[in-house]
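J.: Let me begin by handing over the structure; questions about it come next.
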Amino acid sequence: DTYSINPTTVSSFRAGFSRQSIIRYAPDTVPTWTKMGSNVYQGVPGYLFLSINGYFQPQCTNCSPGPWISTNYQLSEELSLIRGAHQISVGVNATNSRLNSFSNFQRNGNFSFSGVNTGNAMSDFLLGLPSSFTQNNGQIGDERLTQPSLYVQDNIRVLSHLTLNVGLRWDPYEAPSKAVPQVSIFDPGWYASGAQSKVFSRAPAGTLFVGDQGMPGNHYFYGRTAEFAPRLGVVYDPRGKGTETIRAGYGIFYGGTPLWQQAGIFAPFTAPVSIPNPSGGLSDPFKGSVVTNPYPEPNPLPSDVAFPLFGTGLGNFKLHPKPTYMEQWNLALQKQFGEWLVSATYMGNRTVHLEYAEPYNPSLFIGGNCTAGQYGLTAAGPCSNTGNLNYRRMMYLSNPGKAQYYAGVTAFGDGANANYNGLLISVQHRFAHNFTVLANDTWSHCLTESEVALNGAAGGQDPFNRGAEYGNCLSGRQQVFNLSAVVRSPKFAAPWMNRLAGGWQESTIFTDMTGSYSTVNVGTDNSRTGNGADRPNVVGAIGVSNPTVSRWFNTSAFQAGPVGTFGNAGRDIVLGPGAWNFDVSVSRSFNLTERYRIDFRAEAFNLLNHARFGNPGTTLNTPSFGVITTAMDPRIMQFALKFAF
């Protein structure tokens, strides 16, 4: 609703609502591990998680059946005031987001095969020797988040050819909550002081629940109220003729907190279980393990419910996190030459307090050989193997009795950084003389310490060396060229000529870009720390003089390091193939009478049927290492007729 209070004051009120409901199903014919004879609990029918590193997956492993329903509300009010040389905007905005979902991602038990036992993932699978087994009782996403904000902005006409834009936004950092009070938080300070839950009497020290003293109620963390984001913009016309401008800007912008960040993978609500290299294999992963099978869980949970060994605290927010924010700045020069506009823009940004997996309880490598009983070994052998990760965790080595209920404890950290710098050159011809053209070329470089994954922040290979993760952005394209053009046929004087050739329109989009980056992984737990992100050593030149789809880079340049070490290869150091592409469309409207019209349109995507290859395989111990096995779409053509009346 827009209301003119007076000629210089306007009120704009907006209300918004959206709802998305997705119900995921699985075919009834999909077997479960229980049906195939494995001694694991079947929580949901028709879902199987099997990952064989470098080979295949039987179905979409991240497509567990269940509902995903998100609802969003928004209210905003803005007052626009003109007072002399000032155009002032004052506004308030409030959003409420709600997520109701139930994920069965690990409910039937997940088996992964990495080749850690035989050196080949497929061989491990055929022998029934998984590298890891994980299971929980389902992830409940019943999250709620209300986010208010206030802002004030002033466009100031300082001079006839100088305008300033000054603004300030209040963006408090609010914490999501759960409709069902099942929030738990692990805090190192609580663990050090021996803080014990009164809600669950058998909970391990360091983890508290809703109702315990020190908890932020039913919220994931303590929010921050005093968060302000200033911004400043300048537009300067040096000669006052309106044919050239200099623009500059700077601003701080806070990121919101997405839902589905703490979806209940915590004991005792879902009884998460993680067994590395289970001695019982595929047939009975709990056999020979100190972890007992907790499924099915009682409902409701009693206050004295048992907590599984090495199962609590798989990840949560820090108790007092700092919000992620981005600083953005730019400088643009624009010049008009008749019907042409040329511009050059420098763009930069810096992301601060970026989410990063911050491990509180990593596994440490212990060299040498040990006797049976040491570090959880069932027989004499190397002190560090893939089956005794939990016995080599930092907290367990310090105090086994106190830490025996904790496996990997990972917080959504806030210490990573990222930056981007780019130069954009643009040439534009406004639509005149039956054609328009827009061409631009961007050179840029994006660097980051953390690639934010689907459900959180992706950590690095060495929990004590975050700097080793600083590298190219996964989605970074160092050079991108775009050209779009629209050409119309002229109107002819001769009627018959106009009927044949008049009114046609041709549109072209041409793109050319460099490739994206990918990271080379060893593919096995070479460091014996269970992090799943080990990289190899670089022992030669990575590039080859004539890269092909069967050998995109020098695979001999990478070698797995000695057991117990981290490789020196950086993250995202392999540049994939670039791609160029033509998309073309031809269209015309045929007026039959004043009331009837036929529209014709023909489109061709990838008109020249040019091969655009995907990135090569980058897992060291797989047959596809260095080989490109994927490509984007071939030529696709479509035609349409529309009758309008």
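The values are calculated or read from the model by the stated rules, or taken from the named source; none is laboratory data. Owing to the predicted nature of the structure, the values given are computational and were not obtained by experimental measurement. Don't worry about glycine lacking a Cβ; one is built from the backbone with ideal geometry, like all the others, and counts go over all protein chains shown. In case anyone asks, the SASA skips ligands and DNA or RNA and just uses the protein heavy atoms, side chains included. Shrake-Rupley method; radii C 1.70, N 1.55, O 1.52, S 1.80 Å.
J.: Can you tell me which residues in the stretch 45-82 are closer than 17 Å to Met122 by Cα and among the β-branched types (Val, Ile, Thr)?
T.: Correct list: Ile52 only.
J.: Checking the structure you have, find out if any residue of the stretch 556-569 is in a loop (DSSP other than H, G, I, E, B), within 26 Å of Thr630 (Cβ to Cβ) and among the aromatic types (Phe, Trp, Tyr). I'd like the intermediate steps shown before the answer.
T.: Looking only at the stretch 556-569, we keep the residues that are in a loop (DSSP other than H, G, I, E, B), and these are 560-569.
Next cut, within 26 Å of Thr630 (Cβ to Cβ) only: 560, 567, 569.
Add one more test, that the residue is among the aromatic types (Phe, Trp, Tyr), and what stays is none.
Among the residues of the stretch 556-569, not one is in a loop (DSSP other than H, G, I, E, B), within 26 Å of Thr630 (Cβ to Cβ) and among the aromatic types (Phe, Trp, Tyr), which makes the answer no.
J.: Can you name every residue in the stretch 388-411 that is in contact with a Pro (Cβ under 7 Å, 6 or more places away or on another chain), hydrophobic (A, V, I, L, M, F, W, C) and open to solvent by 20 Å² or more (accessible area, probe 1.4 Å)?
T.: Met394
J.: While we're here: Please determine whether any residue of the stretch 337-349 is of a type in the set (A, V, I, L, M) and at pLDDT below 90.
T.: Within the stretch 337-349, not a single residue is of a type in the set (A, V, I, L, M) and at pLDDT below 90.
J.: What number goes with the only condition from (1) outside any strand (DSSP E or B); (2) exposed (fewer than 15 other Cβ atoms within 10 Å of the Cβ) that Val342 does not pass?
T.: Just one mismatch for Val342, condition (1).
J.: Right, here's the next one. Hey, among the residues in the stretch 224-238 that are aliphatic (A, V, I, L, M) and part of a strand (DSSP E or B), which one's nearest to Val427 (Cα to Cα)? Step through it out loud before you land on a result.
T.: Of the stretch 224-238, the ones aliphatic (A, V, I, L, M) are 226, 229, 232, 234-235.
Right, trim to part of a strand (DSSP E or B) and you get 229, 232, 234-235.
Numbers: Ala229: 33, Leu232: 26, Val234: 22, Val235: 20 Å.
Looking at residues that are aliphatic (A, V, I, L, M) and part of a strand (DSSP E or B), I get Val235.
Listed here are the residues, each with its yes/no results for (1) of a type in the set (Phe, Trp, Tyr); (2) part of a loop (DSSP other than H, G, I, E, B).
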| position | (1), (2) |
| --- | --- |
| Tyr222 | yes, yes |
| Gly240 | no, yes |
| Ala248 | no, no |
| Leu259 | no, yes |
| Ala271 | no, yes |
| Ser274 | no, no |
| Pro278 | no, yes |
| Asp284 | no, yes |
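J.: Of the residues Pro634, Pro623, which single one is open to solvent by 30 Å² or more (accessible area, probe 1.4 Å), within 30 Å of Arg528 (Cα to Cα), of a type outside the set (A, V, I, L, M) and part of a loop (DSSP other than H, G, I, E, B)?
T.: After applying the criteria, what remains is Pro623.
J.: With (1) surrounded by 21 or more Cβ atoms within 10 Å (Cβ to Cβ); (2) part of a strand (DSSP E or B) as the list, and Pro130 as the residue in question, which single condition is left unmet?
T.: So Pro130 meets the others, but not (2).
J.: Oh, and also: Quick check: anything in the stretch 48-67 without any contact (Cβ under 8 Å) to a residue 12 or more places away in the chain, of a type in the set (Ser, Thr, Tyr), open to solvent by 40 Å² or more (accessible area, probe 1.4 Å) and in contact with a helix residue (DSSP H, G or I) (Cβ under 8 Å, 6 or more places away or on another chain)?
T.: Within the stretch 48-67, not a single residue is without any contact (Cβ under 8 Å) to a residue 12 or more places away in the chain, of a type in the set (Ser, Thr, Tyr), open to solvent by 40 Å² or more (accessible area, probe 1.4 Å) and in contact with a helix residue (DSSP H, G or I) (Cβ under 8 Å, 6 or more places away or on another chain).
J.: If you scan the stretch 219-243, which residues turn out to be within 29 Å of Val409 (Cα to Cα) and surrounded by fewer than 18 Cβ atoms within 10 Å (Cβ to Cβ)?
T.: Those that are within 29 Å of Val409 (Cα to Cα) and surrounded by fewer than 18 Cβ atoms within 10 Å (Cβ to Cβ): Tyr222, Gly223, Arg224, Thr225.
J.: I would also like to ask the following. Could you tell me whether Gly256 is open to solvent by less than 30 Å² (accessible area, probe 1.4 Å) and either under 27 Å from the mean Cα position of the chain (by Cα) or modelled with pLDDT of 95 or more (or both)?
T.: No: the conditions fail for Gly256.
J.: Checking the conditions here, which among Ser89, Ser101 is out of contact with any Cys (no Cβ under 6 Å at 6 or more places or on another chain), open to solvent by less than 30 Å² (accessible area, probe 1.4 Å) and at pLDDT 90 or above?
T.: Exactly one residue qualifies, and that residue is Ser89.
J.: For the stretch 184-217, what are the residues that are assigned to a helix (DSSP H, G or I) and under 30 Å from the mean Cα position of the chain (by Cα)?
T.: Of everything in the stretch 184-217, those that are assigned to a helix (DSSP H, G or I) and under 30 Å from the mean Cα position of the chain (by Cα) turn out to be Pro188, Gly189.
J.: Still on this model: Among residues belonging to the stretch 385-425 that are polar (S, T, N, Q), assigned to a loop (DSSP other than H, G, I, E, B) and at pLDDT below 95, point out the one that is nearest to the chain's Cα centre (by Cα).
T.: Across the stretch 385-425, the extreme among qualifying residues is Thr386.
J.: Mind checking which residues of the stretch 484-503 are of a type in the set (A, V, I, L, M, F, W, C) and either surrounded by 15 or more Cβ atoms within 10 Å (Cβ to Cβ) or in a strand (DSSP E or B) (or both)? Explain how you work it out, then say what you get.
T.: Within the stretch 484-503, the subset of a type in the set (A, V, I, L, M, F, W, C) is 485-487, 492-494, 496-497, 500-501.
Within the stretch 484-503, Ala485, Val486, Val487 meet the criteria.
J.: So, Gln328, is that one open to solvent by 50 Å² or more (accessible area, probe 1.4 Å), modelled with pLDDT of 95 or more and under 28 Å from the mean Cα position of the chain (by Cα) or not?
T.: Taking the combined requirement at face value, the residue satisfies it.
J.: Of all residues in the stretch 368-383, which are part of a loop (DSSP other than H, G, I, E, B) and either open to solvent by 50 Å² or more (accessible area, probe 1.4 Å) or at pLDDT 95 or above (or both)?
T.: Gly368, Thr371, Ala372, Gly373, Thr378, Ala379, Ala380, Cys383 - these are the residues of the stretch 368-383 that are part of a loop (DSSP other than H, G, I, E, B) and either open to solvent by 50 Å² or more (accessible area, probe 1.4 Å) or at pLDDT 95 or above (or both).
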